[in-house]
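> Here you go, one structure.
The values are calculated or read from the model by the stated rules, or taken from the named source; none is laboratory data. Here the structure is a predicted model, which is why all the values come from computation and not from measurement. Cβ placement follows ideal geometry from the backbone for every residue including glycine, while neighbour counts extend to all protein chains displayed.
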Number of protein chains: 2
Amino acid sequence: MNYYQENHAAFLEGLKAWLRIPSISTLSEHKPDIRRAAEFALNELRAAGLAGELIEGEGNPLVFAEWTGAPGAPTLLLYGHYDVQPPDPLDEWKSPPFEPEVRGNDIFGRGTSDDKGQTYILIKAVEGLLKTRGKLPVNVKFLIEGEEETGGEHIESYVGTKPARLKSDAAIICDTEMFAPELPTICIGLRGMVYAELHVEGANHDLHSGVYGGAAPNPMQAVAEIICALKDRDGHIQIPGFYDRVVPPSPKEREAWARLPFDERDYTEKEMGARELVGEPGIALLERLWARPTFEVHGIRGGFTGEGAKTVIPARAVAKISTRLVADQDPAEATEQLKKAVAQACPRGVTAELKVLHSAPPSLVNPDNRFIHAAADAMSEVFGKPTVYIRSGGSIPIVAAFEQSLGIPSVMMGFGLPDDNLHAPNEKLHLPNFYRGIEAVARYLDLLG
Amino acid sequence: MNYYQENHAAFLEGLKAWLRIPSISTLSEHKPDIRRAAEFALNELRAAGLAGELIEGEGNPLVFAEWTGAPGAPTLLLYGHYDVQPPDPLDEWKSPPFEPEVRGNDIFGRGTSDDKGQTYILIKAVEGLLKTRGKLPVNVKFLIEGEEETGGEHIESYVGTKPARLKSDAAIICDTEMFAPELPTICIGLRGMVYAELHVEGANHDLHSGVYGGAAPNPMQAVAEIICALKDRDGHIQIPGFYDRVVPPSPKEREAWARLPFDERDYTEKEMGARELVGEPGIALLERLWARPTFEVHGIRGGFTGEGAKTVIPARAVAKISTRLVADQDPAEATEQLKKAVAQACPRGVTAELKVLHSAPPSLVNPDNRFIHAAADAMSEVFGKPTVYIRSGGSIPIVAAFEQSLGIPSVMMGFGLPDDNLHAPNEKLHLPNFYRGIEAVARYLDLLG
């Protein structure tokens, strides 16, 4: 048994301690937890033998730590995030979201897979090499942020202003998933996004639907009308110009996707728990998920939604909406297109205003470089199968920032699984992936060194 | 000064005490307040000299009290309700909803106009006659309910099963409004309603909009699509057959409505606080409000509506919706039509179920009877102007029940004002109407006796 295999229990207890901190970045009352979670990561990195600090500024602290004792060897920028999504709806969790619980081969809790568990893989891989050899085969710089779930604006501006300090040859990101259990996977493409609130206002106070129904504008109805104008019943986005820059996948990539092991029925019924899949007709499922933009409504606030009956025409309604963007769409241009489409779809009697909360460009990495090749080899060795290349429908805004500000490619080694319930109740991480992930990252550093 | 004029301060203090009880019938945690509000009314009626009791059964208690010492004289059934609407949004109230406050000539608080204030008018009118003369010119039976805001099912079933106990010649209802300040008004028509929840379900758990967007059904989007299918952008309801039974107002009624004092700009900007009126093109405003059915969305529950960004495709969404019905629409038939239209509009990948919370038929009273004539005369006398006949867009389900189960007409003497903010923040009652209302009801009983 090597160091990594001997320390499974210690790794698990360490991860649990981190998971117990409810570092929810979208809710301001969790600011103290955000700090505790950042300090936890810093302490782990220092204990592993790295020199580090919290980088304070606007927003949540960044955790920076480095070991640069391998002159001449490549330098890797290791990225993860310590913030998590809100846990609601709380009553659907089988165990409390911030009291991690192992059931079978999985650990359940908010942040297990996204992204404390995966960030911990990077920390423990480095720790293992330093504890057993006293040195690393490469130089490493950790940069762990606390705003990934709210858009990651501050890390982007930090990366933009400190290229010298962060100078590296490649970034390693541990925040994606394996395409199937035990199938080593590298992700080379991500969707971008524009997340916004659609504010619709009618009368300046709530009105009685009996007394005023037939004359009063209803912002809740108006929100529905605007939403329906932006996407048709086939899932096709109706924002003028929105698809103009969309680059279709190459025939070679389409072919590789078609070869991936995939059971659509299992995906639909077991993983998603849905009756049937929807989306643009005539476009293959993986292409819809990885290479097509989306428009989604996340929730609509306003009026009365409590128990019983309240016959109110609400004064205002706010819809939380987002679009996912694919290469070569541009968030600024997409935002303008969206704003114009909202203005055009706004019905009489109300005003509609779009407030963008954050946005991120899509990214598509060319897999032909030694950092990605070595990662594929390391994963193949540890998992015993050839590594596949996929894209993800999710967004990791920092990938575009690393490319634009530091000029480096990102290697997305993911150890999550498709049924990890990211952003949903009962988020989990498969423990064999957690332990193998640590070994795979350590092996990767060796191959590069 | 007569008894009524001498007792303004006492009437006001009594009303305030009743208003302080947050008897919100749609929220089950207010059950104890419901009982306190019922007991308050009963105690007032007993103190006035009536014999009464709380009628217990399923639902909230009914307050029943009677004085039947005028053999040969007509018997009136006096109706009001002691329950109120929820006060949210709380932060828009200028004074707390359950701490009544007099500002200028108005008293502000939840229930001031709808309907504790108006029910109190009936109680104090009867009290005044009994205190000053020891007897009444007519027989009276009070029936005050506590579920008007949730559909009034239990009073309807009580009225249906106890026709002998409630036997009367006419019902007096004090729960409507005057068309304009100082313009005595009797309401002869009400809209009915069907209030329902539209439950839409997609996947069996919330999904990440990045990972699944493009394949996952979105119940929030589906709710928007169904809502838009049920009513078009012109406000015309698209439920097949929905308008088939709608009886247009007579030319005579339309003419009378056109003569009512009405400033559309004041109505739009001052009363409603809106930019412009909406609704079916080519149909006059009062007809849209009083003689046309509506479809309204009151709120949509589900997904994420908190601070910040959560990229979730919710597993389910629930819309609170209602339709208002006009003569001769039938709630049962309208419900069937609505259910069919929802099923037809339901998009792929989700299920939609309509759960009706309550319904009430529309009512239209023939004004040619002595009970309505005497009411018009009494109001003209006290207010010094001819009484006008209007309809209301609101619903008072008990009116149909009184007609169907007891065979009696309802006289709707209303003392609210159009800007009373019913069901909204800063509900108020104009105090001169409150005091004159008490005198007008007392004068009415005299005219009938």
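> Under the condition of being touching a residue at least 12 places away in the same chain (Cβ under 8 Å) and surrounded by fewer than 23 Cβ atoms within 10 Å (Cβ to Cβ), which residue from region A:405-416 is nearest to A:D114 (Cα to Cα)?
First pass over region A:405-416, keeping only residues touching a residue at least 12 places away in the same chain (Cβ under 8 Å): A:405-406, A:408-416.
Cutting the leftovers down to surrounded by fewer than 23 Cβ atoms within 10 Å (Cβ to Cβ) gives us A:405-406, A:408-409.
Working: A:S405: 25, A:L406: 25, A:I408: 23, A:P409: 21 Å.
So, considering only residues that are touching a residue at least 12 places away in the same chain (Cβ under 8 Å) and surrounded by fewer than 23 Cβ atoms within 10 Å (Cβ to Cβ), the one nearest to A:D114 (Cα to Cα) is A:P409.
> If you check A:L183 against the conditions, is it aliphatic (A, V, I, L, M), away from chain B (no Cβ under 11 Å), touching a strand residue (DSSP E or B) at 6+ places or on another chain (Cβ under 9 Å) and surrounded by fewer than 24 Cβ atoms within 10 Å (Cβ to Cβ)? First the steps, then the outcome.
Values: aliphatic (A, V, I, L, M): yes; away from chain B (no Cβ under 11 Å): yes; touching a strand residue (DSSP E or B) at 6+ places or on another chain (Cβ under 9 Å): yes; surrounded by fewer than 24 Cβ atoms within 10 Å (Cβ to Cβ): yes.
Yes, satisfied.
> On the basis of being modelled with pLDDT of 95 or more, over 16 Å from the mean Cα position of the chain (by Cα) and not β-branched (V, I, T), does B:E353 make the cut?
On the way: modelled with pLDDT of 95 or more: yes; over 16 Å from the mean Cα position of the chain (by Cα): yes; not β-branched (V, I, T): yes.
Answer is yes for this residue.
> Filter region A:183-207 down to the residues that are of a type in the set (S, T, Y) and farther than 30 Å from A:A440 by Cβ and list them by number. Working first, answer last.
Here is the first cut: in region A:183-207, the residues of a type in the set (S, T, Y) are A:185, A:195.
Of everything in region A:183-207, just one residue is of a type in the set (S, T, Y) and farther than 30 Å from A:A440 by Cβ, namely A:Y195.
> B:F295 is checked against (1) out of contact with any Phe, Trp or Tyr (no Cβ under 6 Å at 6 or more places or on another chain); (2) surrounded by fewer than 23 Cβ atoms within 10 Å (Cβ to Cβ); (3) of a type outside the set (A, V, I, L, M) and fails just one. What number does that condition carry?
(2)
> Which of (1) of a type in the set (S, T, Y); (2) touching a Lys or Arg at 6+ places or on another chain (Cβ under 8 Å); (3) surrounded by 20 or more Cβ atoms within 10 Å (Cβ to Cβ) does B:Y79 not meet, given it meets every other one?
Only one criterion in (1) of a type in the set (S, T, Y); (2) touching a Lys or Arg at 6+ places or on another chain (Cβ under 8 Å); (3) surrounded by 20 or more Cβ atoms within 10 Å (Cβ to Cβ) is unmet by B:Y79, namely (2).
> Could you figure out which of (1) crowded, with 20+ Cβ neighbours inside 10 Å; (2) out of contact with any His (no Cβ under 6 Å at 6 or more places or on another chain) isn't true of B:K320?
The failed condition is (2).
> Restricted to region B:425-436, and to residues that are touching a residue at least 60 places away in the same chain (Cβ under 8 Å) and surrounded by fewer than 23 Cβ atoms within 10 Å (Cβ to Cβ), which residue is nearest to B:A378 (Cα to Cα)? Please lay out each step first, then the result.
Let us first name the residues in region B:425-436 that are touching a residue at least 60 places away in the same chain (Cβ under 8 Å), namely B:425-435.
Then drop every residue that is not surrounded by fewer than 23 Cβ atoms within 10 Å (Cβ to Cβ), which leaves B:425-426, B:431-432, B:435.
Values: B:P425: 32, B:N426: 30, B:L431: 19, B:P432: 16, B:Y435: 14 Å.
Step by step, filter region B:425-436, then rank; the result is B:Y435.
> Can you find, within region A:1-59, the residue that is modelled with the lowest pLDDT among those that are charged (D, E, K, R) and more than 23 Å from A:A125 (Cα to Cα)?
Applying the first criterion (charged (D, E, K, R)) to region A:1-59 yields A:6, A:13, A:16, A:20, A:29, A:31, A:33, A:35-36, A:39, A:44, A:46, A:53, A:56, A:58.
This time we only want the ones that are more than 23 Å from A:A125 (Cα to Cα), so: A:29, A:31, A:33, A:35, A:56, A:58.
Details: A:E29: 94, A:K31: 96, A:D33: 98, A:R35: 97, A:E56: 93, A:E58: 85.
The residue in question is A:E58.
> I would also like to ask the following. Show the residue pairs that are 6+ apart or on different chains and have beta-carbon atoms under 9 Å apart, the first residue being within region B:267-280 and facing chain A (nearest Cβ under 7 Å) and on the phi > 0 side of the Ramachandran plot, the second being of a type outside the set (F, W, Y) and assigned to a helix (DSSP H, G or I).
From region B:267-280, the pairs are B:G279/B:L285; B:G279/B:R288; B:G279/B:L289.
> Hey, does region A:230-250 have a residue that's at pLDDT 95 or above and part of a helix (DSSP H, G or I)?
Yes, some residue in region A:230-250 is at pLDDT 95 or above and part of a helix (DSSP H, G or I).
Residue by residue, here is whether (1) modelled with pLDDT of 95 or more; (2) among the β-branched types (V, I, T) holds:
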residue: A:E149; (1), (2): no, no
residue: A:T176; (1), (2): no, yes
residue: A:I186; (1), (2): yes, yes
residue: A:I227; (1), (2): yes, yes
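> Please count how many residues of region B:356-375 are more than 21 Å from the chain's Cα centre (by Cα) and within 29 Å of A:T311 (Cβ to Cβ). Break it down stepwise before answering.
So the first thing to find is which residues in region B:356-375 are more than 21 Å from the chain's Cα centre (by Cα), and the list is B:368-371, B:373-374.
Now drop any that are not within 29 Å of A:T311 (Cβ to Cβ), which leaves B:371.
Looking only at that region, the number is 1.
> Out of B:V326, B:V247, which single residue is more than 8 Å from chain A (Cβ to nearest Cβ), within 27 Å of B:V356 (Cα to Cα), crowded, with 20+ Cβ neighbours inside 10 Å and not aromatic (F, W, Y)?
On the way: B:V247 fails: crowded, with 20+ Cβ neighbours inside 10 Å.
The unique qualifying residue is B:V326.
> Looking for whichever is modelled with pLDDT of 95 or more and within 14 Å of chain B (Cβ to nearest Cβ) here; the options are A:D83, A:D91. Which one fits?
Details: A:D91 fails: modelled with pLDDT of 95 or more.
Criteria check complete, one pass: A:D83.
> Here's a follow-up. Is it the case that some residue within region A:437-446 is assigned by TED's automatic domain parsing to the domain that holds A:G111, crowded, with 24+ Cβ neighbours inside 10 Å and either touching a strand residue (DSSP E or B) at 6+ places or on another chain (Cβ under 6 Å) or closer than 25 Å to B:H205 by Cα (or both)?
no
> Follow-up question, since we're still on this one. Kindly list the number of the only condition in (1) acidic (D, E); (2) farther than 23 Å from B:A47 by Cβ; (3) more than 14 Å from chain A (Cβ to nearest Cβ) that fails for B:E147.
Status for B:E147: all satisfied but (3).
> Hey, among B:E403, B:E427, which residue is among the charged types (D, E, K, R) and at pLDDT 95 or above? Walk me through it before giving the result.
On the way: B:E403 fails: at pLDDT 95 or above.
Exactly one residue qualifies, and that residue is B:E427.
> So if I check each of B:V200, B:V159, B:V194, which one is touching a residue at least 12 places away in the same chain (Cβ under 8 Å), surrounded by 22 or more Cβ atoms within 10 Å (Cβ to Cβ), in contact with a helix residue (DSSP H, G or I) (Cβ under 6 Å, 6 or more places away or on another chain) and not in a strand (DSSP E or B)?
Details: B:V200 fails: not in a strand (DSSP E or B); B:V194 fails: not in a strand (DSSP E or B).
The unique qualifying residue is B:V159.
> Please go through region B:336-368 and pick out each residue that is outside any loop (DSSP other than H, G, I, E, B) and within 30 Å of B:Y389 (Cα to Cα). Full working, then the answer.
Residues of region B:336-368 outside any loop (DSSP other than H, G, I, E, B): B:336-345, B:351-360, B:363-364.
Within region B:336-368, B:H358, B:S359, B:A360, B:S363, B:L364 meet the criteria.
> A:F108: in contact (Cβ under 8 Å) with a residue 12 or more places away in the chain and buried (at least 22 other Cβ atoms within 10 Å of the Cβ), yes or no?
Values: in contact (Cβ under 8 Å) with a residue 12 or more places away in the chain: yes; buried (at least 22 other Cβ atoms within 10 Å of the Cβ): yes.
Against the criterion (in contact (Cβ under 8 Å) with a residue 12 or more places away in the chain and buried (at least 22 other Cβ atoms within 10 Å of the Cβ)), A:F108 qualifies.
> May I pose another question? Kindly provide the set of residues from region B:135-156 that are outside any loop (DSSP other than H, G, I, E, B) and of a type in the set (A, V, I, L, M), ordered by number.
Applying the first criterion (outside any loop (DSSP other than H, G, I, E, B)) to region B:135-156 yields B:139-145, B:148-150, B:153-156.
Residues satisfying the conditions are B:V140, B:L143, B:I144, B:I155.
> Here are the criteria: (1) surrounded by 19 or more Cβ atoms within 10 Å (Cβ to Cβ); (2) out of contact with any Gly (no Cβ under 9 Å at 6 or more places or on another chain). Tell me which single one A:E255 does not satisfy.
Result: A:E255 passes all but (1).
> Could you grab me the full set of residues in region B:281-305 that are in a loop (DSSP other than H, G, I, E, B) and within 7 Å of chain A (Cβ to nearest Cβ)? Talk me through it step by step, then tell me what you get.
Filtering region B:281-305 for residues in a loop (DSSP other than H, G, I, E, B) gives B:281-284, B:291-293, B:302-305.
Result: B:R292, B:G302, B:G303, B:F304, B:T305.
> Moving on. Examine region A:365-378 for a residue that is farther than 25 Å from A:S250 by Cα, surrounded by 22 or more Cβ atoms within 10 Å (Cβ to Cβ) and not assigned by TED's automatic domain parsing to the domain that holds A:G416, and state whether such a residue exists.
If we filter region A:365-378 for residues that are farther than 25 Å from A:S250 by Cα, which is where we start, we get A:378.
Still in the list and also surrounded by 22 or more Cβ atoms within 10 Å (Cβ to Cβ): A:378.
Narrowing the set further to residues that are not assigned by TED's automatic domain parsing to the domain that holds A:G416 leaves none.
No, region A:365-378 has no match at all.
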